[in-house]
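K.L.:
Before anything else, here's the structure in question.
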Amino acid sequence: MTAPLVTVVVPTRDAGRTLRACLESVRAQDHPAVELVVVDNASTAGTFEVATELADLAVRGGPERSAQRNRGVELARGEWVLWVDADMVLEPDVVSAAVSTAERTGAVAVAVPETSFGPGFWTACRALERSCYVDDPTLHNPRLIRRDYLRSVGGFDPAMAGPEDADLRLRLRADAAPTAYCRETWIRHDEGRLTLRGVAAKRAYYGRSLPAFAAAHPGAVRRQGAGTVRALARHRARLARHPVRTAGLLGLRALEAAAYGVGAWQGRRSRRPR
């Protein structure tokens, strides 16, 4: 049986620190039919040059990650599309395991668990938090999806930057699309050395899309937050073994909640009629 072609789409923006490791991990996949498409948003300092070197196709596009992904899907030749960010590193069997899960379950979309790594205290706190979510499929968004199906539901919402993955997951659920969770492999997220300033800025930026997300999915923000709290409570024994990191984790969550609130306020102001 011929292996289906899978197109891996990677949106980039000034990702020089992490891009080579990301693309090389895609090139090292054990699945025999992988196409790599990079859509770059006006990067400088060598990002597009690395993409041109390692990708089957590297193009320019924007203005945000959702639009970049949609452009990659338009260009994809694969039966399946898998998308990752430029700071992610794939285990060698991510594509093959995700496709196997889809074929075994009949799913049109498959989520893959993620872990975090990188230097520094705040990154260690993030890694501890993420480790508590791995066993809960409801907290993971799809990574692999049938290309034709993704295009039939309109792709990623270009009005969202941050919650677009959760938005897609909820639209799939509303459409009663069969989805699955691949437990056999990992995607590793290179967080770098997290700083409180950087975390707050990123969450405030993502928060600008929360009003649009909340309007499209009433109650979803609350349910997602409650799900993460339940996951942390379920792993309280693990957290108790790392009291200092757990304290840092809780501090990060409080900071992120405040930053999301600021971003959402900015997003609501920008949506008001002038």
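The values are calculated or read from the model by the stated rules, or taken from the named source; none is laboratory data. What you see is a predicted model; the values in this text were computed from it and never measured. Note: areas computed on protein heavy atoms with side chains; ligands, DNA, RNA excluded. Shrake-Rupley method; radii C 1.70, N 1.55, O 1.52, S 1.80 Å.
K.L.:
Tally up the carbon and sulfur contribution to the accessible surface of the chain as a whole percent, 1.4 Å probe, everything protein left in place.
P.N.:
Ligands and nucleic acids excluded, carbon and sulfur give 55 percent.
K.L.:
Under the 0.36 nm per residue contour assumption, what length would be gained going from the current alpha-carbon distance of ASP93 and VAL244 to full extension?
P.N.:
That pair, ASP93 and VAL244, stretches by 50.9 nm at full extension.
K.L.:
Moving on. Over the alpha-carbon set of the stretch 47-95, work out the extent along each principal axis and list the three values in angstrom, largest first.
P.N.:
31, 25, 18
K.L.:
Averaging over every viewing direction, what projected area does the convex hull of the Cα atoms of the chain cover, in nm²?
P.N.:
14.7
K.L.:
Taking the inverse of the average 1/r across all pairs of different Cα atoms in the stretch 182-274, what Kirkwood radius in Å do you get?
P.N.:
15.3
K.L.:
Take the alpha carbon atoms of the stretch 151-192, find their center, do the same for the stretch 1-61, and report the distance between the two centers in whole angstrom.
P.N.:
19
K.L.:
How high is the relative contact order of the stretch 54-181, given as a whole-number percent (alpha carbon pairs under 8 Å, six or more residues apart)?
P.N.:
Contact order relative to length: 36 percent.
K.L.:
Please report, to one decimal in angstroms, the Kirkwood hydrodynamic radius of the stretch 52-162 built from all distinct Cα-Cα pairs.
P.N.:
Hydrodynamic radius (Kirkwood, Cα only) of the stretch 52-162 equals 15.8 Å.
K.L.:
Rounded to the nearest 500 deg cm²/dmol, what is the calculated helix-only ellipticity per residue at 222 nm for the chain, with -39500 (n - 2.57) per DSSP H run of length n ≥ 4?
P.N.:
It comes out at -15000 deg cm²/dmol, rounded to the nearest 500.
K.L.:
Just the accessible area per residue of the chain, please: how many Å² with a 1.4 Å probe?
P.N.:
Here the per-residue accessible area is 47 Å².
K.L.:
How would the stretch 107-168 be classified by its alpha-carbon gyration tensor: rounded, prolate or oblate, with rounded meaning a/c under 1.5 and the a/b versus b/c comparison settling the rest?
P.N.:
Taking the square roots of the gyration eigenvalues as a ≥ b ≥ c, the stretch 107-168 is prolate.
K.L.:
Work out, step by step, the length gained on full extension between ARG17 and GLU103: first 0.36 nm times the residue separation, then minus their alpha carbon distance; give nm to one decimal.
P.N.:
27.4 nm
K.L.:
Quick check on the chain: of the DSSP beta bridges with both residues there, what percent are antiparallel, nearest 5%?
P.N.:
Approximately 30 percent, going by the DSSP bridge assignments.
K.L.:
Where does the Debye-calculated log10 I(q)/I(0) of the stretch 1-110 sit at q = 0.17 Å⁻¹, using only Cα point scatterers of equal weight, no solvent?
P.N.:
The Debye formula, applied to the Cα set alone, gives -0.73.
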